[in-house]
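Below is one structure, written out as structure tokens, with a few remarks after it.
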Amino acid sequence: MELIPSQEEILKLLRQTGALREGNFAYPNGLHSDQFLQIPLAFRYFQHAKMLSVALSRKVRANPEIRANIDKLSIFTPAVGGLPVAFGVCEALRAYEVYWAERQNADEPLQLRQFFDIDPGEKVLLVDDILRTGAKLLELKKMVEDAGAEVVGIAVIVAQPAPDCPDFSPIPIYSLATLDPLYMFDASKHSLKYPDQPVEIIRA
């Protein structure tokens, strides 16, 4: 395997670990999909978690601005899905620290863990497992900028940006694989891709 695996190699690993599944899946919003992606299923296994983290860190390290500030670089992630990716990337990069934000309740904004602080002028890399709506990453970006710090990049294992995903440019986005963002459909208007397989219900 190359220093940075190809998209095909990444997707093969995700399928082997059960992180990327093909079948008939019903989502809480009533829509269906013929695939289900859950990155933490790949991060259960140390060797795969390390490979994915190192590969993503190599993409990030290619940025000269980030490379020049590695020893002072902070990793910021939304809990909980981004945490294993953030710690893996931090270790591979030998970055300075990891901190994260979480919601106390579903209808509340993301908040930094108590006693965590973002320092003015700090260089921050946002990390998550998947980029879809971009809503959580946009919240993190605002928190960083409101504190007077700078987001120097966004790193995700898989990019699957929805049509309404925010435009983060000029901030660079790094990913190991890209998937079709239009992965959900109305089952009443489209036939199932795997008609002989049962429909699996995805929990909210």
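The values are calculated or read from the model by the stated rules, or taken from the named source; none is laboratory data. In this text the structure is predicted, and so the values were computed from the model without any measurement. All Cβ positions, glycine included, derive from the backbone under ideal geometry; neighbour counts span all protein chains shown.
Matching residues to (1) part of a strand (DSSP E or B); (2) of a type in the set (Val, Ile, Thr); (3) closer than 30 Å to GLU150 by Cα; (4) at pLDDT 95 or above:
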position: ARG15; (1), (2), (3), (4): no, no, no, yes
position: ASN29; (1), (2), (3), (4): no, no, no, no
position: SER53; (1), (2), (3), (4): no, no, yes, yes
position: GLY81; (1), (2), (3), (4): no, no, yes, no
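Residues to consider are GLU102, GLU145, GLU108, GLU139; find the one that is acidic (Asp, Glu) and in contact (Cβ under 8 Å) with a residue 40 or more places away in the chain.
Answer to the check: GLU139.
Could you tell me which numbered condition ARG67 fails, if it satisfies all but one of (1) touching a helix residue (DSSP H, G or I) at 6+ places or on another chain (Cβ under 9 Å); (2) surrounded by 13 or more Cβ atoms within 10 Å (Cβ to Cβ); (3) part of a helix (DSSP H, G or I)?
(2)
For region 22-38, which residues satisfy the criterion of being more than 16 Å from LEU182 (Cα to Cα) and within 18 Å of the chain's Cα centre (by Cα)?
The one that is more than 16 Å from LEU182 (Cα to Cα) and within 18 Å of the chain's Cα centre (by Cα): GLN38.
Return yes when PHE36 is in contact with a strand residue (DSSP E or B) (Cβ under 6 Å, 6 or more places away or on another chain) and surrounded by fewer than 19 Cβ atoms within 10 Å (Cβ to Cβ) and no when it is not.
yes
Considering (1) crowded, with 16+ Cβ neighbours inside 10 Å; (2) within 20 Å of GLY81 (Cα to Cα); (3) at pLDDT 95 or above, say which one GLU97 fails and leave the rest.
So GLU97 meets the others, but not (1).
Pick from region 19-47 the residues that are in contact with a helix residue (DSSP H, G or I) (Cβ under 6 Å, 6 or more places away or on another chain) and not small (Gly, Ala, Ser): which of them is farthest from ARG132 (Cα to Cα)?
PHE43
Check ILE10 against each of (1) surrounded by fewer than 18 Cβ atoms within 10 Å (Cβ to Cβ); (2) out of contact with any Asp or Glu (no Cβ under 9 Å at 6 or more places or on another chain); (3) at pLDDT 95 or above; (4) not basic (Lys, Arg) and name the one condition it does not meet.
Among (1) surrounded by fewer than 18 Cβ atoms within 10 Å (Cβ to Cβ); (2) out of contact with any Asp or Glu (no Cβ under 9 Å at 6 or more places or on another chain); (3) at pLDDT 95 or above; (4) not basic (Lys, Arg), the lone unmet condition for ILE10 is (1).
Is there a residue being in contact with a strand residue (DSSP E or B) (Cβ under 7 Å, 6 or more places away or on another chain) and among the polar types (S, T, N, Q) anywhere in region 42-57?
So far as region 42-57 goes, no, none of its residues is in contact with a strand residue (DSSP E or B) (Cβ under 7 Å, 6 or more places away or on another chain) and among the polar types (S, T, N, Q).
Can you tell me which of ALA79, ALA92, ALA55 is surrounded by 15 or more Cβ atoms within 10 Å (Cβ to Cβ), closer than 24 Å to ALA42 by Cα and without any contact (Cβ under 8 Å) to a residue 60 or more places away in the chain?
Exactly one of ALA79, ALA92, ALA55 is surrounded by 15 or more Cβ atoms within 10 Å (Cβ to Cβ), closer than 24 Å to ALA42 by Cα and without any contact (Cβ under 8 Å) to a residue 60 or more places away in the chain, namely ALA92.
When LEU41 is evaluated against the numbered criteria (1) buried (at least 17 other Cβ atoms within 10 Å of the Cβ); (2) within 17 Å of the chain's Cα centre (by Cα), which criterion, by number, is the only one it fails?
Of the numbered conditions (1) buried (at least 17 other Cβ atoms within 10 Å of the Cβ); (2) within 17 Å of the chain's Cα centre (by Cα), the odd one out for LEU41 is (1).
What number of residues within region 17-27 satisfy the criterion of being in contact (Cβ under 8 Å) with a residue 40 or more places away in the chain and not in a strand (DSSP E or B)?
Looking only at that region, the number is 1.
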